[in-house]
Amino acid sequence: MELTEIAEIEIDTLLDAIRRRYDYDFSNYARSSLKRRINGLLIKEKLDMPYQLIPRILYDEEVFNRFLSELSVTVTELYREPEFFLNLVESIFPVLNTYPYFKIWHAGCATGEEAYSLAVLLKEAGLLSRAKIYATDYNNKSIDIAKQGIYSAENIKAGNKGYLKAGGKHSFSDYYTDHHGAIKFDDELKNSITFAYHNLVKDGVFGEMNLIICRNVFIYFDTELQNYVLNLFNESAISKGFLCLGNKETIRFSILKDKFDTLSEGNSIYRKKD
Amino acid sequence: MKNTAIEVKFIAIGVSAGGFEVLNTLVTQLPADFSLPIAIVQHRSADSSGYLAEHLDISAKIKVKDVFDKEPISPGIVYLAPPDYHLLIERGFFFSLSRDDKVNFSRPSIDVLFESAADIYRQACLAIILTGKNHDGAMGLAKIVATGGTAIVQNPGSAQASEMPIAAIKKVPTASVYTLSQITAYLITLNKNQKK
């Protein structure tokens, strides 16, 4: 047997240990990026081989938490890919406007930047008071950061640029205050979002959603897990509800592709059929 | 030229500064019946559009496109890593994308593509480093060779930016060093030999 095949057994064994010890199942994550992340953790932990992680993770919860952070922390920014937000404002907001009350699920919200970006645009469209936004992630540390609504002022310039490209009509600075050199989003925005723990791999349906946003999460899943989660979204969405994936994520390769109409190929915006 | 007896099933190309011109030359000369999949990492800014793929697709005789996540790898198509995503190969021969940290200050990174391509295709992988001003791809090329694959580097003297080819040759001294027209000829010959 070749060494790389043995390394695969090591990784399978590690993932099995994690699943049984901590109830997190990574076995249907896209394998190649998962391997890169495990290698990244090995370097940080000063280890050489995946099997060396097994006893550490089994007996030291802190090592597992670092593993989880390594796997779950995604780079996220305010108004990343502003053309998506513009598409949202122009195509989906008018439909949301026809409902007296509507629900949005932002799945895999990480540290919350996109959820706040969305809340700002809803407020500008006069829709925020009718919206209930659920933003979920499987990393509790990320959720804690999101709940604070405080972000480094460093990226605010890029955020402002994105806000304007996304069709922002006022000044982005109207929505936050300086907070010891960082920025803090207004309470009205913060209170409009319910940040909560939810693991797409094992937790259930979030009911009756008008809009589900899950961007750049699917890329970390294999096709089987993508199908599973897409089914979860299909069951969570109302008839004619919207689904937004990352720009390079598509339902085209999924067995559930016929459950949705494609509204925007470029921005991966779909609408559930009747 | 090095023998093409080993059956190549996948071609990975890494290119940075000066890439537009060399890709334009290389890709447009591939014949319509080119039957191998080619994946290209061209360093470009995070907010660049799909212009590169569109332009090459119009000029080339074979299909050129930006990759979608979990897209199956088909023969005779040139796949480009989309801006701001790493491009990886998965078991079962399809692509995946990732937004993980930059590698060598780059996303997409050539090392990321080459390392995962080496994992999956092993000796059936051909990897090529073209013009560029950094060191991305050198480590990945070393892994391609370590798993039995074939390494080609553009002759630094003939490359618009020589740093990347020089770094690759330094890391992989056994790599074949060819000019761009030799590389094109190599690929065309490889394609002919595939058909026998």
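Only the coordinates and a few stated rules stand behind these numbers; no lab work does. Small disclaimer: the values here were computed from a predicted structure and weren't measured. For neighbour counting, all protein chains shown are included, and Cβ atoms are generated from backbone atoms with ideal geometry for every residue, glycine included.
Numbers below:
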read-out	value
Net charge, A:G167 excluded, C-beta distance under 12 Å - Lys, Arg +1, Asp, Glu -1	-1
Under the Karplus curve 6.51 cos²θ - 1.76 cosθ + 1.60, θ = phi - 60°, whole-Hz ³J(HN,Hα) for the stretch A:248-254, x wherever Gly or Pro sits	10, 9, 9, 8, 4, 8, 9
The protein assembly as shown - Rg and Dmax from Cα coordinates, angstrom	23.3, 71
Calculated SAXS-style log₁₀ I(q)/I(0) at q = 0.11, 0.12, 0.18, 0.21 Å⁻¹ - the stretch A:3-134, Debye, Cα scatterers	-0.58, -0.64, -0.91, -1.13
Student exercise, chain B dipole from Lys, Arg, Asp, Glu Cβ charges, in Debye to nearest 20	620
Cα-based shape type of the stretch B:10-195, given that a ≥ b ≥ c are square roots of the gyration tensor eigenvalues and the cut on a/c is 1.5	rounded
Fewest-first sequence of A:T98, B:T179 by Cβ atoms within 10 Å of each Cβ	A:T98, B:T179
Positive-end residue of A:L189, A:Y151, A:G168, charge dipole of the stretch A:131-205 with Cβ unit charges	A:G168
Placed amide H near B:A161: partners under 5 Å, 5+ positions off or other chain	B:G132
Positive-end extreme of charge dipole, the protein assembly as shown - chosen from B:V172, A:T13, B:A60 (charges on Cβ)	B:A60
Across B:K61/B:K133; A:K257/B:K61; A:K248/B:K65, pairs whose alpha-carbon gap is larger than 22 Å	B:K61/B:K133; A:K257/B:K61
Three-way shape label, the stretch A:3-72, alpha-carbon gyration tensor, a/c 1.5	rounded
Nonlocal amide H pairs with A:Y79, under 5 Å, H built at 1.01 Å	A:S117
Nonlocal amide H pairs with B:F94, under 5 Å, H built at 1.01 Å	B:I73
222 nm mean residue ellipticity, helices alone, for the protein assembly as shown (DSSP H n ≥ 4; -39,500 (n - 2.57); rounded to 500)	-11500 deg cm²/dmol
Most mobile listed residue (B:D33, B:D66, B:D84) in chain B, GNM with C-alpha springs under 10 Å	B:D33
Percent of Cα-Cα distances greater than 20 Å, calculated over the stretch A:82-272	53
Max mean-square fluctuation residue, GNM over chain B, Cα-Cα springs under 10 Å, options B:S45, B:S116, B:S176	B:S45
Neighbour-count order for B:L23, B:L52, fewest beta carbons within 10 angstrom listed first	B:L52, B:L23
3J(HN,Hα) from dihedral phi, the stretch A:84-96, Karplus parametrisation 6.51/-1.76/1.60, rounded to Hz, x for glycine, proline	5, 5, 4, 4, 4, 4, 7, 9, 9, 4, x, 6, 4
Values of log10 I(q)/I(0), in the order q = 0.16 Å⁻¹, for the stretch B:85-171 under a Debye, Cα-only, solvent-free model	-0.58
Extreme residue, positive dipole direction of chain A, given options A:L122, A:I43, A:A110 (C-beta unit charges)	A:L122
Candidates A:I251, A:I57, A:I143, ranked by Gaussian network fluctuation over chain A, Cα under 10 Å, top entry	A:I57
Karplus-derived HN-Hα couplings along the stretch B:19-24 (A = 6.51, B = -1.76, C = 1.60, θ = phi - 60°), whole Hz, x at Gly and Pro	x, 4, 5, 5, 5, 4
